[in-house]
Amino acid sequence: MKDLRHAFRTTRKQPGFALTAIITLALAIGGTTAMFTVIRAVLLKPLDYRDPDQLVSINGGATPSRFEEMQAGAQSFTGLAAYTLWEDVTLSGGAGPEVLSGTHVTHGFLRVLGVQPLLGRGFRPEEDSAAGAPVVLISAELWRRRFGADPQIAGKTAILEDAPYTIIGVLPAGFRFPFRGVDLWLTAPQELPTIPPKSRALSPYLTVIGRLKPGVSLERANAELKVIRRQYSMRHPAMLDAKAKSPVELTAMKDQMVADVRSMLWMLFGAAAFVLLIACGNVAGLLLARAASRAREFAVRAALGAPRLRLIRQLLAESVLLSVAGGALGVLLAVYCLRLIPKITAFNLPRAAEIRLDWMVLAFALALSIGTGLFFGLAPSMGASRPDLISVLRTSGVASHAGHSRAVLAGWSTRSVLLVGQVALSIVLLIGAALLIESVAQLRRVDIGFNPSNLLTMRISLPPVRYESDRKTALFFRDLAGRVGALPGVRSVAAAIYLPMMGYAGTPVQDATKPPLPLNQRPLATYLVVSPGYFHTLGIPLRRGREFGEQDTEDAQRVTIIDEALARRFWPAYPAGQDPIGQRIFIGGVNPKAAEIVGIAADVHQGLETSAWPEGVYLSMTQNPQRSAMLAVRTTGEPLSLAKAVGAQVRALDRDQTVAGVLTMDDLVEAEVGQRRLLTILLGSFAGVALLLALIGIYGVIAYSVAQRTQEVGIRRALGAQQRDILTIVIRQGLVLTLTGIVIGLVAASALTRVMGTLLFHVSATDPATFAGTALLFLLVALAASYIPARRATRIDPMAALRI
């Protein structure tokens with residue numbers, strides 16, 4: 001306590017020094033604490049389910065029949081469950097229609113997860129079929145928001161898609177399985193209404209999870225599923241998921257949930273740790289300079305009998321006090337940073353709702369603060385605790401400071417070694433940020449094949465109760481296109497089951513003139529059902545043939561438009577050789593009629609990084625009516641300004657119908673680079689802080705060196721040295737230290753940036769131009785940081801210096 005009181009009094013006497021050190025440490029400790037909070041919640045904490053280590057995900061989709069065979073044959077599991085991807089479900093009544101996110105799950109999904117409803121009960125086996133009673137589970141958030149937290153909600157009716165459903169229970173607050181934002185859980189995924197009945201048996205649209213029996217390993221369960229797949233493939237050789245040689249891999253559910261973000265989060269945590277090390281080096285340099293100015297004090301203490309351990313303890317108390325103060329401020333900074341987490345939606349950060357400060361995070365911050373204080377305070381304490389009593393007590397002023405800059409490596413002082421380390425770490429961070437910036441730039445230069453400007457998009461899902469026939473569905477979208485197309489400011493309008501950048505489905509295709517192949521041996525193509533005017537509205541060039549028209553009815557010849565990639569697959573000589581227009585291909589496995597190719601469109605990227613499957617096939621919505629579709633509206637001005645007018649036209653056709661997912665196509669394209677853009681911003685921020693700290697370190701080392709060498713400079717000036725000579729000597733010192741750090745940093749970066757390979761796009765992890773440009777930029781900035789103290793050295797008065 002005496003040491004701490006003395007440390008407080010000593011620090012209070014130099015508020016500028018203390019404030020600089022505390023702010024520096026707060027930035028570093030705050031960033032590291034914020035990243036640890038995210039890492040712990042997303043990657044380290046067990047899932048909030050019973051015995052979470054027994055939960056596994058089975059990679060790849062499954063058809064309903066394969067899921068049934070897995071349930072019947074798998075002995076390594078206490079239970080298996082399946083679910084579908086999200087779908088729009090309209091809740092009617094009360095405050096008006098509202099589009100919610102829902103999913104269909106098998107009856108045992110709560111039992112597999114080990115979750116009990118907050119109110120009511122889970123699904124029963126008899127409800128998990130087309131003949132079962134229409135029941136639904138709702139989220140706690142929806143229960144509070146829409147139903148006023150009614151404690152008697154179980155057994156009441158909700159109108160979903162114009163059909164009555166009985167609410168049987170409310171799931172716990174924060175429960176978000178299988179994806180964020182879901183509010184409704186329905187049964188019978190094998191009866192998924194968004195997929196036509198004939199297609200359900202062939203489509204592997206189910207995602208399967210399971211709970212392992214106690215003592216069963218992943219390897220054993222994986223081997224068992226391989227046997228079941230092989231048997232399934234023999235019984236159903238034509239099914240899309242009947243590829244016997246496909247590896248069945250079980251993944252721990254926790255690992256599967258975070259697979260897309262694990263490397264990114266660890267990278268950011270490493271960047272925060274680098275900034276912390278740089279900050280430690282900076283503050284250690286400040287303490288070294290401060291210890292040098294107190295050399296006489298320590299010499300007097302040692303002469304009066306103070307043991308070395310006593311001096312070290314006192315100095316460490318001062319450094320720990322600074323570090324804990326910086327840590328306290330850093331925790332406040334971390335709280336602010338964590339409030340930004342809800343905005344990280346560009347790449348759907350899993351388990352984001354679990355990210356919060358708790359006692360574990362606070363304990364980490366405290367331990368980090370104390371450890372940081374001991375780390376950066378050790379070198380100054382060790383040096384200051386062994387003063388050269390005779391030389392220090394005989395001298396005063398600046399001369400007495402020299403004894404505390406002992407060489408520790410090849411004639412370099414401790415501060416010089418720390419500076420080299422700061423520069424090396426900064427170079428690694430700057431190169432990482434530069435590579436990501438180049439990746440984002442490359443992504444933005446991708447030719448996506450359509451024009452996203454002035455394009456409004458929204459999602460419309462028609463309830464099957466009112467739109468039970470294909471004719472009603474087709475009439476609704478035809479009438480809506482006419483109404484919206486007549487609005488002022490609208491140039492054209494079209495509908496499609498998907499739009500680029502919003503996901504895609506695949507279907508097997510084959511040249512109809514070739515011998516038929518099993519479905520799972522045919523090439524897969526991106527499958528899109530679009531309305532007339534789609535290519536014109538999205539600005540997709542039509543290379544040959546025509547667009548779909550109103551004449552392409554259900555009774556007419558089945559037609560299709562393919563992209564150039566698919567044309568090259570079936571007719572390699574394209575655009576020369578045989579003309580694909582007029583040729584026929586088989587599409588999917590339900591409709592046995594071959595479709596005639598009436599047009600060839602330019603290739604379109606379904607995502608910026610990939611073209612999905614490299615081929616695409618389009619079908620006419622007039623021949624294949626869809627109850628759920630995306631509406632694309634090309635406008636003359638700001639797209640979102642017409643959102644209300646388009647919504648009004650939807651309600652004019654059907655007052656109970658609403659729209660969802662209103663976005664511009666520019667927003668959808670931008671979301672494709674969201675993860676890299678966010679990573680670039682965060683890593684760039686860390687790199688910017690690191691660069692600033694390193695430059696402050698360079699300035700501090702050179703300025704301190706100039707102060708130590710005041711007499712030397714005075715003597716050189718007295719002997720005739722010119723200002724240019726003094727400037728060269730001082731700047732050379734800074735450049736030697738900087739160049740050494742740059743070389744070490746380049747070597748380290750060439751090894752560490754290889755882990756970024758999956759996050760880079762058309763950029764090498766060891767891109768020579770990026771490495772050279774970063775090194776040159778840092779060298780120029782370091783030159784400017786060295787110039788200021790060097791310029792000050794040229795102004796030293798020789799007579800004043802010689803009097804010291």
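Applying 1/(1 + (r/R0)^6) with R0 = 25 Å to the Cβ-Cβ distance of ALA133 and ALA72 gives a FRET efficiency near 0.50. Dipole of the chain computed with +1 at Lys/Arg Cβ and -1 at Asp/Glu Cβ about the Cα centre; of ALA652, THR473, VAL706, farthest Cα towards the positive end is VAL706. Per-residue 3J(HN,Hα) values for the stretch 743-752, derived from phi via the Karplus relation 6.51 cos²θ - 1.76 cosθ + 1.60 with θ = phi - 60°, read 4, 4, x, 5, 5, 5, 5, 4, 8, 6 Hz in sequence order (x marks Gly and Pro). With one equal scatterer per alpha carbon and no solvent term, the Debye-computed log10 I(q)/I(0) for the stretch 522-572 at 0.23, 0.30 1/Å reads -1.06, -1.32. On the basis of the beta-carbon distance and an R0 of 60 Å, GLN521 and LEU19 show a calculated FRET efficiency of 0.25. For the stretch 619-658, backbone nitrogen atoms closer than 12 Å to the point 7 Å from TRP571 Cα along Cα-to-C-beta are found at no residue. The alpha carbon gyration tensor of the stretch 1-129 gives principal lengths a ≥ b ≥ c with a/c of 1.5 or higher and a/b greater than b/c, which makes the shape prolate. Among ILE138, THR728, TYR165, flag the residue with its Cα farthest along the positive direction of the charge dipole of the chain, charges on Cβ as +1 for Lys/Arg and -1 for Asp/Glu. Final value for the positive-end residue is THR728. Over the chain, DSSP H runs of length four or greater, each weighted -39,500 (n - 2.57), average out per residue to a 222 nm ellipticity of -15500 deg cm²/dmol.
Stretched out straight at 0.36 nm per residue, the stretch from ASP447 to VAL590 would grow longer than its current Cα-Cα span by 48.1 nm.
Please give the contour-minus-distance gain from MET1 to ILE681: 0.36 nm per residue of separation, less the Cα-Cα distance, rounded to one decimal in nm.
Taking 0.36 nm per residue and subtracting the Cα distance, the gain is 240.5 nm.
Along the Cα-to-C-beta direction of LEU340, a point sits 7 Å from the Cα; which residues of the stretch 661-675 have their amide N less than 20 Å from that point? Answer for this model: 670-675.
The dipole here belongs to the stretch 456-531: it is taken about the Cα centre, uses +1 on the Cβ of Lys and Arg and -1 on the Cβ of Asp and Glu, and is about 140 debye. The simple spin-label model puts a point 7 Å past each Cα toward its Cβ; for ARG310 and ASP358 those points are separated by 4.7 nm. Using Cβ point charges alone (K and R +1, D and E -1), the dipole size of the chain about the Cα centre works out to roughly 3780 debye. Each of LEU528, GLY30, PRO515 was placed along the dipole of the chain (beta-carbon charges, centred on the mean Cα), and the one lying farthest toward the positive end is GLY30. Shape verdict for the stretch 645-762, please, from the Cα gyration tensor: rounded (a/c under 1.5), prolate (a/b greater than b/c) or oblate. It comes out prolate by the Cα gyration axes. Building the convex hull from the alpha-carbon atoms of the stretch 714-792 and averaging its projection over directions returns 6.2 nm². Placing a label point 7 Å from the Cα of ASP162 along the Cα-to-Cβ direction, the residues of the stretch 175-204 whose backbone N falls under 17 Å from that point are 193-194. For LYS45, the aspartates and glutamates whose Cα falls under 13 Å of its own Cα, not counting residues fewer than eight places away in the same chain, are ASP53, ASP255, GLU354, ASP358.
For the pair MET234 and GLN557, the difference between a 0.36 nm per residue extended length and the Cα-Cα distance amounts to 112.7 nm.
Computed over all pairs of different Cα atoms, the Kirkwood value for the hydrodynamic radius of the stretch 164-268 is 17.4 Å.
The calculated FRET efficiency for the pair SER641 and LEU218, based on their C-beta separation and a Förster distance of 51 Å, comes to about 0.45.
So, for the chain, what is the accessible surface per residue at a probe of 1.4 Å, expressed in square angstrom?
The answer is 44 Å² per residue.
Equivalent-ellipsoid semi-axes for the stretch 453-529 (Cα gyration tensor, √(5λ), whole Å, largest first): 32, 18, 12.
Across all Cα pairs in the chain, the calculated P(r) in 10 Å bins from zero up to the longest distance comes to 2, 11, 16, 19, 17, 12, 9, 7, 5, 1, 0 percent per bin. Computed from backbone phi, the HN-Hα couplings of the stretch 497-511 come to 5, 9, 10, x, 6, 10, x, 6, 10, x, 9, x, 10, 7, 4 Hz, rounded to whole numbers (Karplus: 6.51 cos²θ - 1.76 cosθ + 1.60, θ = phi - 60°; Gly and Pro given as x). Taking 7 Å steps out from each Cα toward its Cβ at TYR787 and GLU550 produces label points 7.2 nm apart.
Once both labels are positioned 7 Å from their Cα atoms along Cα-to-Cβ, the gap between THR766 and SER628 label points is 4.7 nm.
The values are calculated or read from the model by the stated rules, or taken from the named source; none is laboratory data. Note that this is a predicted model, so its numbers are computed, not measured. Positions of Cβ are backbone-derived with ideal geometry, glycine not excepted, and every protein chain shown enters the neighbour counts. To get the accessible areas, we keep the full protein, side chains included, count just its heavy atoms, and leave off ligands, DNA and RNA. Shrake-Rupley method; radii C 1.70, N 1.55, O 1.52, S 1.80 Å.
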